[in-house]
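Below is one structure, written out as structure tokens; the observations come after it.
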Amino acid sequence: MTLSPPEAEHIGTGDDRRTGTEEDVVGLYGRHIGSGRAVMGRVMGGMAEVRSEGLWIHADDGRRFLDFGGYGVFILGHRHPAVVEAVHRQLDIHPLASRVLLEPVAARAARALAAHTPPGIDYVHFVNSGAEATEAALKLARAHGRTSVITTRRGFHGKTLGALSVTANATYQTPFQPLLPDVAQVAYDDPADLEQALAARRDRACVVLEPVQGEGGVRIPRPGYLQQVAHLCRAYGALLVVDEIQTGMGRLGTWWGVDAEGVTPDILLAGKGLSGGVVPVAAMAATAEAYAPFGRDPYLHTSTFGASPLACAAALAAVRAMEDEDVVARAAELGPRILAGVRAVCAPYEGGLVREVRGRGLLIGIEFAREQAVGELLLEMIARGVLVNHSLNSGHVLRLTPPARVDDTALEVFLTTFAEALKSTAARMAG
Ligand SMILES: Cc1ncc(COP(=O)(O)O)c(C=O)c1O
């Protein structure tokens, strides 16, 4: 992958011309960002992404990729026009705030989001990333005396030091030990294990979990699990933090994963799709009681760029776009169709290369018998123009997080490509 200086200037303006002396982006990565990422970039074909729109990401060599993967941000697709317009407007009038006066866009975005959070979750603290939302929740829990944290195996909640303490993956945790003290890991979808941990920490625990584990490999708990968790938290005086950073904003075919079971946690985390696919923004939302320490003292937990007008304009426009385009209903209708298509493609390989296909809404996981298959398939898909992803806490699982805007043509392209790539991967693995 190489970019000429003139093209480097054109990046982001939609101009893909390549002229003159070429500049090696892989080389720049190697010299200034990291050799590991440079090697990965080379393995994936050495292309750089320079432009995006709707379902598509365009690379510097003129190729385009159907985006069914990535980190699960683009439920609205790339550069949703209404979000882009709102962000442009905000950029033109007041992108960052003094933090001295009040910020109207933050207030409106909080109201818009709270209109869709579970009943009783009315307060919103905007931050810049999912991990920051987890950090805010852990601090809020501590402000309530909940100094012990219970998290679930394979759970993923971010990689800043506090968030990493509850992200149950030794690969990421070990180099940074010691992390937060008094963190217990329990089995996901196992109320008895949770109860045991809670009983040992009566009135001093907070429980952090996802309604469906995303990075954990699209693990879907049995029906009633979240209700049981909420019940146990009440019984043992624990604060319940539900991390909907990946599952929320319609991803599961409901606004939030907890909606499926009518559960209101004390704290709910949002991110990824909240950006509208345009500006990084995440949020910690809470009930009045849980939020009280932050509500009382606005300086207890602050950050210069948190709740910036630009980010809040994106969040507000994203929520409006979700409403206007009925994205939740679209995800609920589209998800099962994609899942059925994926299952049909995988059927000949089940019991062999493919262990299981599972999904809810637009979060779909394909579990393979061998971890190597995930990497091979990912590369086969990229070579054929489709982006998918692996799961950070479950290497055997290929993860799909397609936008709700996928139409019949795109679905056909995806399924045909997937079938070809899987066939080729299976042949290679057998050989
Ligand atoms: C459930 C969940 N929580 C937290 C995070 C961390 O978010 P971020 O990468 O924006 O810090 C992620 C990211 O994948 C996630 O899936």
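Could you calculate the contour length gain from Thr171 to Glu350, that is, 0.36 nm times the residue separation minus the distance between their Cα atoms, to one decimal place in nm? Display every interim value, and only then the final one.
Values: separation 179, 0.36 × 179 = 64.44 nm, distance 2.93 nm.
Result for the pair: 61.5 nm of gain on full extension.
Classify the range 341-418: rounded, prolate or oblate, from the alpha-carbon gyration tensor (a ≥ b ≥ c, eigenvalue square roots; a/c under 1.5 rounded; otherwise prolate if a/b is larger than b/c)? Rounded shape, in that the Cα axes give a/c under 1.5.
Placing a label point 7 Å from the Cα of Leu102 along the Cα-to-Cβ direction, the residues of the range 282-296 whose backbone N falls under 17 Å from that point are 295-296.
For the chain, relative contact order (Cα pairs under 8 Å, six or more residues apart, normalised by length) works out to 20 percent. Bridges between two residues of the chain, per DSSP, are antiparallel at a rate of about 65%. Dipole size of the chain about its Cα centre, with +1 on Lys/Arg Cβ and -1 on Asp/Glu Cβ: approximately 740 debye, rounded to the nearest 20.
Positive end of the dipole of the range 84-161 (Cβ unit charges, origin at the Cα centre): among Leu91, Gly120, Leu102, the Cα lying farthest that way belongs to Gly120. Its residues counted as N, the range 81-324 yields a C-alpha radius of gyration over 2.2 N^0.38 Å of 0.97.
Using 1/(1 + (r/R0)^6) with R0 = 22 angstrom and r between the beta carbons of Trp56 and Arg384, what's the FRET efficiency to the nearest 0.05?
Working: r = 14 Å, r/R0 = 0.64.
Plugging the Cβ-Cβ distance into 1/(1 + (r/R0)^6) gives 0.95.
Taking max minus min of the alpha-carbon positions on each principal axis, the chain gives extents of 61, 57, 43 Å, largest first. Ordering Gly271, Met47, Gly77 by the projection of their Cα atoms onto the charge dipole of the chain, which places +1 on the Cβ of Lys and Arg and -1 on the Cβ of Asp and Glu, puts Gly271 at the extreme positive end.
Less than 13 Å Cβ to Cβ from Phe74, Lys/Arg counted +1 and Asp/Glu -1: what total charge do the surrounding residues give? It would help to have the intermediate numbers written out before the result.
Values: positive: Arg79, Arg251, Lys272, Arg405; negative: Glu49, Glu53, Asp67.
Computed value for this residue: +1.
If you restrict to DSSP beta bridges whose two residues both lie in the range 81-324, what percentage is antiparallel, to the nearest 5? Could you put the intermediate results ahead of the total?
Details: 11 of 26 bridges.
Once the DSSP bridges in the range 81-324 are tallied, antiparallel ones form about 40 percent.
Read the figures in this text as sums done on the coordinates, not as results from a lab. Being a predicted model, the structure only gives us computed values, none of them experimental. In this analysis, Cβ positions are derived from the backbone assuming ideal geometry, glycine residues included, and neighbour counts consider all displayed protein chains.
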